[in-house]
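Colleague: This is the structure I want to talk about, given as structure tokens.
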Amino acid sequence: MNTLFNHIKAKSNDITLIELEGQIERLTYTNDETGYTVAKVKVSGYLEPITAVGNLVAPTPGAVLMMEGAWLEHPKFGRQFKVVAHRMKVPSSVEGIKKYLGSGLIAGIGPVMASRIVERFGEETLEVIDHRTEELEKVEGIGRKRIEMIKRAWDEQADIREVMIFLQGHGVSSGYATKIFKRYGRNSISVLTENPYTLATDIYGIGFQMADRIAEKLGFKKTAPVRAEAGILYILGQFSEEGHVYYPYELLIEKCREVLEVDREIVVEAFGRIALEKKVLTEDLNSDFEEFQANQKSVYLPQVHRAETGIAHFLSSLFSSLKAIRKIDADKAIEWVQGQIRLELAPKQIEAVRRAISDKVMVITGGPGTGKTTIISAVIKIYRAAGARILLAAPTGRASKRMSEATDYPAKTIHRLLGYSFQKGGFQKNQARPLEVDVLILDEVSMVDTILMYHLLKAVPPEATLIMVGDVYQLPSVGAGNVLKDIIRSQGIPVVELKEIFRQAEESQIIVNAHKINNGQVPELKSGKEKLEDFYFIEQDDPEQALKTIMELVCERIPRRFNLDPVDGIQVLSPMHKGVIGTESLNRSLQDALNPSKVEMIKGDRTFRLNDKVMQIRNNYEKEVFNGDIGRITSIDSENRKVTITFEEIPIPYDYFELDEIALAYAISVHKSQGSEYPAVVIPILSQHYILLQRNLIYTAVTRGKRLVVMVGSKRALAMGIKNDRIMRRYTYLCERLKEALESA
């Protein structure tokens, strides 16, 4: 049987390798990232199925597995057959074929249909599917449409198996084969052979380093031009993910030289080629001829450059256009609306309402408790009385829902407002098909990145009024840019900043302490067991003890004292992902404590269980689920390797290979919490976090809590973080572009 194996076989003087052949009964475990599999295999001559372990290519229940390996004794799981070389083949027995087809391998054939087909064709079943598909019409319940679906799925499986074998032979786990095949189809192998670096930008989860390893195995040298070109684009993309709209040329070249480990000349030549192909765009940053410096230029990815220049253009156009609605007497309107809302507005609130009535574009910014929602409600009432068409929007589902509840007026996410459709090719609202709106009120603008703001502004008609509301002191957007801050810095758009905390808000220690933090002051943290009404600090700087404290708080103390659900009512916010009290460790501990369900699906080193609280961690436009959306796992189909996650009462199906877009959400990063409010938040602030602790991060975390904030950690670490107001620089040019556009408008 040795001639069957093309895989590298490990030989040892101490271990004798033997050959076994059997049919896979079921898969106990498979790691999508590494290909490591634990399978029960029925081998002739053995009374019970054996346990086979090893890195297997596309293991499928029912398939025949020819193995070479050795028997080992596992201290916990007992006797196992360690596979060091293997090959799959389709089964030949009637029962084997039935199990193989009924495993969910082929779309359109489940266990019942598999039985019918095998009963009709017996041992010729696979031959019929492969070469005489039309004969399947003889089976009850199979029509022409299903035959086409079965044929397509069967051919795809053959192709995908070929891709898997090719990839595994070049150092890539089988887990990525489905993604690669979905992206490139039957051209997968030819695309990778020609330029494996396309994986780094085209396939989520495959970075440049993995693509580089594949390229090396395919014979590409470090100095290959295609490697340098792909490396520059990938690194520029990484900078964009870190929030930069552009990156300075010299810093980019140096970073590429360092990462690629090649001479500067190779990087510079590659940069020249991709610049000629317009894969990158550059702009001169020299503003003074006498102080001119060579290569002082910015480097953009084309789509980000288009977005930044577009924002400046559309905002200035909006600002300089006439209003769609008739002129409103501001004094009368303000007097009238105060009677409607039964509140006397403060001077700054009156100024904000007045500007919202008179100006075409404006910004309202302020922290919690400063009356932003009251202003929005007042403005809505005034414009409704004037007969204006009003739209409300926010970047996330949670933010839009909160906006709607606070104002008693319907609000949508920006994506839904713009009618995003994957099938129709993107945002359906744009310059050619603008929004039907006279007044657009946009909340949580600090969260809106450059790309999204561009698409929104494209769809706003020139005659509309745009009111932007947000807290400029929060963390900037997860995506590239610092839009709200740059608009305010431009000094060309009217801005009303609210600083006064109103009497009702002053009763909340959460709000009072949030403003202290924003002003660089450490909140008054009382020691011992003395409790504040809604703000607690529990001193504990040992990570293990802090974890224990957090578990007690979430699982017992807060639910008991405040009558809150530990999953839906409490959110743990951590400044970091790694470490004992990073999100990864916290999620594992909280999942075990809060959801011990036995119905689960394992994906790599992560376990997903029925009813788990999970978060989407990247935009999926096809599913219309976006980065930061939180849902619950409402079904797990282990046999067909599918999971259903319900977001905002909408069930969304996920295939197994799509689960790397999902993370547990019992604990999330502070960045991911933006735009959301939770009844209670628990925030670890430890000395080991000191590199990540910044004032705006702590401020953002505290302002997520609605009824309760509990910090667990070190007073020293908290003080260090609050004093650190050095915000990591983001390279953007929107402020300068907007100034220029407004001056020339």
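The values are calculated or read from the model by the stated rules, or taken from the named source; none is laboratory data. Worth saying up front: this structure is predicted, and the values here are computed from it rather than measured. Every residue, glycine among them, receives a Cβ derived from its backbone with ideal geometry; neighbour counts consider all protein chains shown. The protein model used for the area step is the full one, side chains on, heavy atoms only, and it has no ligands, DNA or RNA in it. Shrake-Rupley method; radii C 1.70, N 1.55, O 1.52, S 1.80 Å.
Colleague: Calculate, in nm to one decimal, what I727 and L343 gain on full extension: separation in residues at 0.36 nm each, minus their alpha carbon distance.
Modeller: Working: separation 384, 0.36 × 384 = 138.24 nm, distance 3.75 nm.
Answer, rounded to one decimal: 134.5 nm.
Colleague: Could you rank F647, F77 by how accessible they are, 1.4 Å probe, largest area first? Numbers along the way, then the final one.
Modeller: Details: F647 15, F77 135 Å².
Result of the area sort, largest leading: F77, F647.
Colleague: Using only Cα atoms, find the angle between the long axis of helix 225-241 and the longest principal axis of the chain, and express it within 0 to 90 degrees, rounded to the nearest 10.
Modeller: 50
Colleague: Taking R0 as 30 Å, what's the FRET efficiency between K715 and E533 from their Cβ-Cβ distance, rounded to 0.05? Walk me through the intermediate numbers first.
Modeller: Working: r = 20 Å, r/R0 = 0.67.
Efficiency, from the Cβ-Cβ distance: 0.90.
Colleague: While we're on this one: 7 Å from Cα along Cα→Cβ at both K76 and D155: what's the point-to-point distance in nm?
Modeller: 4.5
Colleague: Could you give the length gained by full extension between K182 and Q209, i.e. 0.36 nm per residue of separation minus their alpha carbon distance, to one decimal place?
Modeller: Numbers: separation 27, 0.36 × 27 = 9.72 nm, distance 2.12 nm.
Fully extending the segment from K182 to Q209 adds 7.6 nm.
Colleague: When the scattering of the stretch 508-594 is computed by the Debye formula from its Cα atoms alone, each counted once and equally, what is log10 I(q)/I(0) at q = 0.16 Å⁻¹?
Modeller: Log-scaled intensity ratios, in q order: -0.77.
Colleague: Another question, then. D for the chain, whole µm²/s, Stokes-Einstein with Kirkwood Rh over alpha-carbon pairs at 25 °C and 0.890 mPa s: what number? Walk me through the intermediate numbers first.
Modeller: Working: Rh = 29.4 Å.
The Stokes-Einstein estimate is 83 µm²/s.
Colleague: What part of the accessible area of the chain, given as a whole %, is carbon or sulfur when the probe is 1.4 angstrom?
Modeller: Working: 17010 of 35490 Å².
Carbon with sulfur: 48 percent of the solvent-accessible area.
Colleague: Something else about it: Is there a pair in K82/K222; K401/K424; K424/K642 whose C-alpha atoms are over 31 Å apart, and which pairs would that be?
Modeller: On the way: K82/K222 36 Å; K401/K424 26 Å; K424/K642 26 Å.
With Cα atoms farther than 31 Å apart: K82/K222.
Colleague: Let me ask another. Rounded to whole Å and sorted largest first, list the principal axis extents of the Cα atoms in the stretch 648-745.
Modeller: The Cα atoms of the stretch 648-745 stretch 50, 45, 29 Å along their principal axes.
Colleague: Further question on the same structure: According to the Cα gyration tensor, what semi-axes, each the square root of 5 times an eigenvalue, does the equivalent ellipsoid of the stretch 423-476 have, listed from largest to smallest in whole Å?
Modeller: Working: eigenvalues 96, 48, 11 Å².
The three semi-axes for the stretch 423-476 are 22, 15, 7 Å.
Colleague: Remind me, relative contact order of the stretch 245-360 in percent, using alpha carbon pairs under 8 angstrom and six or more residues apart?
Modeller: Values: 82 pairs, mean separation 27.8, N = 116.
For the stretch 245-360, the relative contact order is 24 percent.
Colleague: Mean separation of Cα pairs under 8 Å and 6+ residues apart, divided by the residue count of the chain: what relative contact order is that in percent?
Modeller: Values: 1371 pairs, mean separation 76.6, N = 745.
Computed over the chain, the figure is 10 percent.
Colleague: Nearest 10 degrees, 0 to 90: what angle lies between the long axis of helix 302-320 and the longest principal axis of the chain (Cα atoms)?
Modeller: The angle comes out near 30 degrees.
Colleague: Determine the per residue accessible area of the chain with all protein chains present and a 1.4 angstrom probe, expressed in square angstrom. Spell out each step's value before the answer.
Modeller: On the way: 35490 Å² over 745 residues.
Computed with neighbouring chains in place, this is 48 Å² per residue.
Colleague: What's the extension gain from Q423 to S358 if we count 0.36 nm per residue and subtract their Cα-Cα distance? Could you put the intermediate results ahead of the total?
Modeller: Details: separation 65, 0.36 × 65 = 23.40 nm, distance 4.02 nm.
Gain on stretching Q423 to S358: 19.4 nm.
Colleague: Based on Cα positions only, what radius of gyration and what Dmax would you give for the stretch 342-465, in angstroms?
Modeller: 14.6, 49
Colleague: Here's another thing I want to ask about it. What is the percent of Cα-Cα separations in the stretch 250-303 that go past 16 Å?
Modeller: Values: 693 of 1431 pairs.
When all Cα pairs of the stretch 250-303 are counted, 48 percent exceed 16 Å.
Colleague: Excluding residues fewer than 8 places away in the same chain, name every one of the lysines whose C-alpha is closer than 19 Å to that of K327.
Modeller: K360, K381
Colleague: Shifting gears a bit: Given the convex hull of the Cα atoms of the stretch 464-621, what is a quarter of its surface area in nm²? Present the calculation step by step, with values, prior to reporting the outcome.
Modeller: Working: hull surface 58.0 nm².
Its average projected convex-hull area is 14.5 nm².
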